[in-house]
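The values are calculated or read from the model by the stated rules, or taken from the named source; none is laboratory data. In this text the structure is predicted, and so the values were computed from the model without any measurement. Positions of Cβ are backbone-derived with ideal geometry, glycine not excepted, and every protein chain shown enters the neighbour counts.
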Amino acid sequence: MRLTIKAVLAAVLSLCAAPALAQDQTTSPALIPEGPTPYTSLQRPARPAAPRPAAPRPNPAAATATATPAAPIGVVAALPVTASGARLGPAETLPPAELEAFVDGVVRSAMARDHIAGVTVSVVQNGQVVLKKGYGFASLAPARKVDPDATLFRIGSISKTFTWIALMKEIEAGRIRKDAPVNLYLPEQLQIRDQGFRTPVRIVNLMDHSPGFEDRALGHLFERNFARERSMAEYLRQERPRRVRAPGEVASYSNYGAALAGQAVSYVSGKPYERLIEESILLPAGMRNTSFREPHEPKAGIAGAIPDRLASQISQGYRWTPSGFEARPFEYIGHIAPAGSASSTAADMARYMQLLLNGGAIDGATIYGPGAAQAFRTPLRKTPAGINGWRHGFVDYSLQGGARGFGHDGGTLSFHSNMVVIPHLRLGVFVSTNTDTGGDLAHGLADQVVGQFYAPPQVYPRPGSEALKDRARDFEGYFVGTRRAYRGLESIVGLVTTGMTVKVDNRGRLVTSGFNGARTWVPDGDLAEGRFVSTSGANRLAFSMSGGRVQSFQTSDGGQTFERAGFWKNPSPAMTLAILTGVAAAATLAGIFLRNRREFRETPVQSRASLIQNIQAALWLTMLILFGLWLSRTGDIANVMYGWPGPLLFIASACALVAAALTLATLLLLPAIWRGGRRVDSWTPLRKLAFSVTVLLYSAFAVVLWFWGVLSPWSG
């Protein structure tokens, strides 16, 4: 079930898009090499840093790459090594030929291994474009190669960085105050309700993702049918999330919070968000192939469509299946545009990275001032070493060799992108893929480039610690992430996808296992400080200790905090109870036909209790079967996103609710069952015991389902 759900919810928690069902399109094996099972990622998951590969040799004859500029590449000589063991010192620049050879090897290897149809890449340094290249196909039917100057990729949550720039421009102008409540800059119908919290959500809470909202996405974050599209104001009003903690307590990634920031800027400026971004950022920066608009027919209340010249150049999105690439329809995200609707080219993103590295200026145009430039280079709150934080909306990246940068990554159902700029290296890296399996490449390329050229080599795997084995109980347990829905049916998904089991193995290594598989870690410094580093990469964990015992931890990703969870939220007991309930329900129904005549003797109370339990058994079995059928359809995340919750899950939840209510009735009848009547007119002791055990089992299962949000069919 874990693998099925993993394939299901892979793209949800970051942002962006909504395709409509389209005809399946597959490629010829001649176009894209075969490879292993694809990977599907959640938005902004924590990812292991891959060990640094040797620089591959270029292949100038490769037909699937389009480079700009086109320069002949020969065999590249190895670079000298610095005293630290790194290939280059911080003041040295990347040799274009060797950089291209390295990126070619990483990208083509990932495309073959992970089945990626198309990739676009740009690298800038010292105000120059060092590499700008397209790989593979933007469309397979008809065939259209990726052009780094013309092909638009959906860049997902990188869109948020434009929102933060627009917000900082308003702060610089004095029209918005960073420490002021957000409600001062929103129309009344969109203002955040108290919901029991005295502290108001401030602008700065949106910028460091600490407004305290739960995170919901299924059924509304993406749209595939343009007829269902809403205006941003309507979306924000109708999809207002629940507040689950006081603002400023915990950083937990929020698409809704970013959209509120965009709405605030739009409200203060008096301009539609899309036009504001075009006039204040895109056009002055010369980014003429970037747009927050989407291709569609005119519709009242919806931003105008993207120009035809750009619409025709948008890359198709793909999903990898055993039979080949399946084309996905366009992903509509305009209803939450500030959080993720942008599309751009590698060339335009190269200009954008130059703008960020140059403090907000490019080609004589100043997009934002020194105050904003300093803010984007300053973390809002201190994070443990190796843990990503927030720089006024931008992600504060921790990279190999101790390098730090800022930027953002983003994902839609089909596209995965990442942009990182490293000021002290004067370097920026952008990459985007158009297939749902491209997450590893997109999230890892910048770190690999930095590691290959600017970080000293590391020896892997790192050894374990005997001291950790002695303190295993302090760290072990089950933890749940804060970036999830806290109630209702969607909480099922959050508890599964953010859950993490922490163990210590006999080699003195910490082992975390969850939605993204298992990883191993070793102490990074004094064990009392609670810092760990991956045994095979640069990723880190930072544990928060209380009384010598771990209460929570953060991953390198920094998008959420994992908090220690109780027994009822652990999926292992829930799965065990589900299996036992299914067996008990089947046995109850089978007993109708298998009992002998003597066992049919019963009192009126026992007769009614038997009828109730038979109905319960039918309901529990129906619930489990329908839930299994729902799981069988989750191989494609689009089925979950667009069809949430769907009739199968809704009916399953309704059956569980009725069965749980009947369980309360059987609990009340339990004493009368045992009193029975005369021996000849009552159940045998064995049947009374079986009935009682079943009641207790159903009760425990109902309690677990309550904590998991299953008993609320209306919440879908």
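Scanning the range 440-467 for residues that are modelled with pLDDT under 95 and of a type in the set (A, V, I, L, M), we see that the one that is nearest to residue 542 (Cα to Cα) is 467.
Set side by side, the residues 208, 147, 215 differ, and just one is more than 18 Å from residue 339 (Cα to Cα) and touching a residue at least 24 places away in the same chain (Cβ under 8 Å), which is 147. Scan the range 490-511 and tell me whether some residue there is among the aliphatic types (A, V, I, L, M), free of Cβ contacts under 8 Å to residues at least 60 places away in the same chain and surrounded by 22 or more Cβ atoms within 10 Å (Cβ to Cβ). Yes, that holds for at least one residue. Tallying residues that are assigned to a loop (DSSP other than H, G, I, E, B) and small (Gly, Ala, Ser) within the range 261-276 yields 1.
Just for the range 373-409: of the residues that are aliphatic (A, V, I, L, M) and in contact (Cβ under 8 Å) with a residue 40 or more places away in the chain, which one is surrounded by the fewest Cβ atoms within 10 Å (Cβ to Cβ)? Of everything passing the filter in the range 373-409, 385 is surrounded by the fewest Cβ atoms within 10 Å (Cβ to Cβ). Is it true that some residue in the range 546-554 is more than 28 Å from residue 408 (Cα to Cα), surrounded by fewer than 16 Cβ atoms within 10 Å (Cβ to Cβ), among the polar types (S, T, N, Q) and free of Cβ contacts under 8 Å to residues at least 12 places away in the same chain? Checked the range 546-554: at least one residue is more than 28 Å from residue 408 (Cα to Cα), surrounded by fewer than 16 Cβ atoms within 10 Å (Cβ to Cβ), among the polar types (S, T, N, Q) and free of Cβ contacts under 8 Å to residues at least 12 places away in the same chain. Every condition in (1) crowded, with 24+ Cβ neighbours inside 10 Å; (2) in contact with a strand residue (DSSP E or B) (Cβ under 6 Å, 6 or more places away or on another chain); (3) hydrophobic (A, V, I, L, M, F, W, C) is met by residue 285 except one, and the failing one is (1). Residues in the range 249-273 that are surrounded by fewer than 19 Cβ atoms within 10 Å (Cβ to Cβ) and modelled with pLDDT under 95 were compared, and the one that is farthest from residue 339 (Cα to Cα) is 249. Hey, can you tell me all the residues within the range 327-336 that are within 14 Å of residue 415 (Cβ to Cβ) and within 20 Å of the chain's Cα centre (by Cα)? Residues satisfying the conditions are 328, 330, 331, 332, 333.
Here's the yes/no breakdown for (1) assigned to a helix (DSSP H, G or I); (2) on the phi > 0 side of the Ramachandran plot:
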position: 237; (1), (2): yes, no
position: 248; (1), (2): no, yes
position: 252; (1), (2): no, no
position: 259; (1), (2): yes, no
position: 278; (1), (2): yes, no
position: 293; (1), (2): no, no
position: 301; (1), (2): no, yes
position: 318; (1), (2): no, no
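Take the conditions more than 21 Å from residue 696 (Cα to Cα) and surrounded by 14 or more Cβ atoms within 10 Å (Cβ to Cβ) and apply them to residue 523. Does it pass? Judged against the criteria, residue 523 is a match.
Results for (1) in contact (Cβ under 8 Å) with a residue 40 or more places away in the chain; (2) under 21 Å from residue 408 (Cβ atoms); (3) not small (Gly, Ala, Ser), shown as yes or no for each residue.
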position: 338; (1), (2), (3): yes, yes, yes
position: 341; (1), (2), (3): yes, yes, no
position: 345; (1), (2), (3): yes, yes, yes
position: 352; (1), (2), (3): yes, yes, yes
position: 355; (1), (2), (3): yes, yes, yes
position: 365; (1), (2), (3): yes, no, no
position: 370; (1), (2), (3): no, no, yes
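The selection criterion, being in a helix (DSSP H, G or I) and surrounded by fewer than 17 Cβ atoms within 10 Å (Cβ to Cβ), holds for residue 189. Once the range 221-235 is narrowed to residues that are part of a helix (DSSP H, G or I), in contact with a helix residue (DSSP H, G or I) (Cβ under 9 Å, 6 or more places away or on another chain) and among the aliphatic types (A, V, I, L, M), the residue that is surrounded by the fewest Cβ atoms within 10 Å (Cβ to Cβ) is 233.
Looking for something farther than 19 Å from residue 353 by Cβ, in a helix (DSSP H, G or I), touching an Asp or Glu at 6+ places or on another chain (Cβ under 8 Å) and not polar (S, T, N, Q) - is there at least one such residue anywhere in the range 92-104? The answer is no; no qualifying residue exists.
Table: residues versus (1) surrounded by fewer than 23 Cβ atoms within 10 Å (Cβ to Cβ); (2) of a type in the set (Ser, Thr, Tyr); (3) outside the structural domain of residue 493 (by TED's automatic domain parsing); (4) farther than 30 Å from residue 495 by Cα.
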residue: 444; (1), (2), (3), (4): yes, no, yes, no
residue: 456; (1), (2), (3), (4): yes, no, yes, yes
residue: 459; (1), (2), (3), (4): yes, no, yes, yes
residue: 475; (1), (2), (3), (4): yes, no, no, no
residue: 478; (1), (2), (3), (4): yes, yes, no, no
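Taken over the range 692-716, the criterion of being within 10 Å of residue 656 (Cα to Cα) and hydroxyl-bearing (Ser, Thr, Tyr) is satisfied by 712 alone. Here residue 634 passes the criteria (1) within 21 Å of residue 710 (Cβ to Cβ); (2) in a helix (DSSP H, G or I) except the one numbered (2).
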